[in-house]
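See below for the structure under consideration.
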Amino acid sequence: MIAFDHCVIHVSDWERSNAFYHDVLKAEVVENGAGGFAYRFGPVQLNCHGPGAIGEPRAQAPVMPGGSDLCFEWQGPIATAVSHLASHGIAPELGPVVRFGAKGRGSSVYFRDPDGSLLEFISYR
């Protein structure tokens, strides 16, 4: 069996990104031992390239800050995701809208991380 382990994003400011991913996405911020951080969500994580921490080997055309497009499953109704974003001063860019995710059709709301990467919360409720 093959299971998803991690993917890599690029951030421009550790302090700002660590706070955002911890506070808004509830990630566990983990030091990677190489001068950078990763954001852990249960059994999967986002590894980060950032200021002073770009790993090897790299993709042929590495994603730069703001170039990612990631979706996270929201465990409650999508209205609570919208309220959660508002409590952090984040206005949705789009949504709620119906989208197709890993578990089928769900309701999604789109927003941006501090670097401008597109993020999505999807709820299957």
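Just a few scattered comments:
- Extension gain, residue 41 back to residue 56 (0.36 nm per residue minus Cα-Cα distance, nm): 3.1 nm
- Taking the inverse of the mean reciprocal distance over all distinct Cα pairs, the Kirkwood hydrodynamic radius of the chain comes to 15.2 Å.
- Once C-alpha pairs closer than 8 Å and six or more residues apart are averaged by separation and normalised to the residue number of the chain, the relative contact order reads 24 percent.
- Comparing mean-square fluctuations of 83, 68, 12 from a GNM of the chain with C-alpha springs under 10 Å, the top value falls on 83.
- Label zone at residue 25 (point 7 Å along Cα-to-Cβ), backbone N below 15 Å, the range 56-93: 63-75, 85
- Full-extension gain in nm, residue 112 to residue 125, via 0.36 nm per residue minus C-alpha separation: 2.4 nm
- Karplus (6.51, -1.76, 1.60) ³J(HN,Hα), θ = phi - 60°, over the range 16-31, in Hz, Gly and Pro reported as x: 5, 5, 4, 5, 4, 5, 6, 6, 8, 9, 6, 6, 7, 8, 10, 5
- Taking the helices alone, the chain has a mean residue ellipticity at 222 nm of -4500 deg cm²/dmol, built from -39,500 (n - 2.57) per DSSP H run of at least 4 residues and averaged over all its residues.
- Dipole in debye (nearest 20) - the chain, about Cα centre, beta carbon charges: Lys, Arg +1; Asp, Glu -1: 460 debye
- Cα-based helix-to-principal-axis angle, 78-87 vs the chain, degrees rounded to 10: 60 degrees
- Between the range 3-24 and the range 29-46, the Cα center-to-center distance that results, in Å: 8 Å
- Of 75, 22, 98, farthest towards positive along the dipole that unit charges on Lys, Arg, Asp, Glu beta carbons give the range 15-125: 98
Bear in mind that the values in this text are calculations on the coordinates, not laboratory data. This is a predicted model, so every value here is computed, not measured. Note: ideal-geometry Cβ built from the backbone for every residue, glycine included; neighbour counts use all protein chains shown.
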